[in-house]
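I have placed the structure first, in the form of structure tokens, so that the comments after it can refer back to it.
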Amino acid sequence: MIHRLMFELMYLLGRTPWDTGISPPELIAFLENHEPGRALDIGCGTGTNLITMARRGWQVTGVDVSSRAIRQAQRKAYAAGLQIQLIRDDVTSVHTVAGTFDLALDIGCFHSLSREERIRYASNLTRFIKPGGTFLLYTWLEQNTESENRHPSQESVTHLFGQNFELTSIEHGAHRQRISAWFTFQRKV
């Protein structure tokens, strides 16, 4: 509840540094090398990545906890003339998303969750991705792997998803003095 109110306030005030309006090169590279299918954007915000995927022929669904973000995404999709399904829901207990997806994308949602919420998130994710499907995750990482004060460690991410997904690649980086990584997982068949 507090997370939702915080994000509503940030969208209301226009303080959304995560919303660059530009899809990252890692997503573009994936789209260029894969046939379109069904995609789920977890924590879709104002829909930038949904629009990028839809323009490349993907059937897209976006989920976000913020009703303000969802309304902005609806306006952007309408202005672009695109059909995009948008759902306001909590990513840790998604009840309203139906079907399975070839691709799930999360850019910055996972690391904002508590440890308990991440466990529920991972459990839900398994329901949504088809066997053989891809999960692209961009997350900040905790530097001290002994104590995950705020963000997950690389080890906890690979462990959490490792039961149902195979890690196919990881690209390390830094953003705003934070360690970050792009994980690519494939759902086990």
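Yes/no matrix, rows are residues, columns are (1) farther than 21 Å from residue 178 by Cα; (2) touching a residue at least 40 places away in the same chain (Cβ under 8 Å); (3) surrounded by 16 or more Cβ atoms within 10 Å (Cβ to Cβ); (4) touching a Phe, Trp or Tyr at 6+ places or on another chain (Cβ under 7 Å):
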{"residue": "97", "(1), (2), (3), (4)": "yes, yes, yes, yes"}
{"residue": "109", "(1), (2), (3), (4)": "no, yes, yes, no"}
{"residue": "132", "(1), (2), (3), (4)": "yes, yes, no, no"}
{"residue": "151", "(1), (2), (3), (4)": "no, yes, yes, yes"}
*asked:* Taking the criterion of being aromatic (Phe, Trp, Tyr) and out of contact with any helix residue (DSSP H, G or I) (no Cβ under 9 Å at 6 or more places or on another chain), would at least one residue in the stretch 108-115 satisfy it?
replied: no
*Taking residue 63 as meeting all but one of (1) surrounded by fewer than 18 Cβ atoms within 10 Å (Cβ to Cβ); (2) under 22 Å from residue 165 (Cβ atoms), write down the number of the exception.*
(1)
*asked:* Of all residues being in contact with a Phe, Trp or Tyr (Cβ under 8 Å, 6 or more places away or on another chain) and modelled with pLDDT under 90 in the stretch 153-180, which is surrounded by the fewest Cβ atoms within 10 Å (Cβ to Cβ)? Just the residue, please.
replied: 175
*All positions within the stretch 102-125 that are within 14 Å of the chain's Cα centre (by Cα) and among the basic types (Lys, Arg)*: 118
*Would you mind telling me which numbered condition in (1) of a type in the set (Phe, Trp, Tyr); (2) at pLDDT 95 or above; (3) under 16 Å from the mean Cα position of the chain (by Cα) residue 78 fails?*
(3)
*Scan the stretch 29-55 residue by residue and report those that are touching a helix residue (DSSP H, G or I) at 6+ places or on another chain (Cβ under 9 Å) and surrounded by fewer than 15 Cβ atoms within 10 Å (Cβ to Cβ).*
55
*strands (runs of 3 or more DSSP E) wholly inside the stretch 67-161 that include at least 1 residues being more than 27 Å from residue 32 (Cβ to Cβ)*: 85-88
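The values are calculated or read from the model by the stated rules, or taken from the named source; none is laboratory data. Keep in mind that this is a model prediction, so the values were computed, not measured. All Cβ positions, glycine included, derive from the backbone under ideal geometry; neighbour counts span all protein chains shown.
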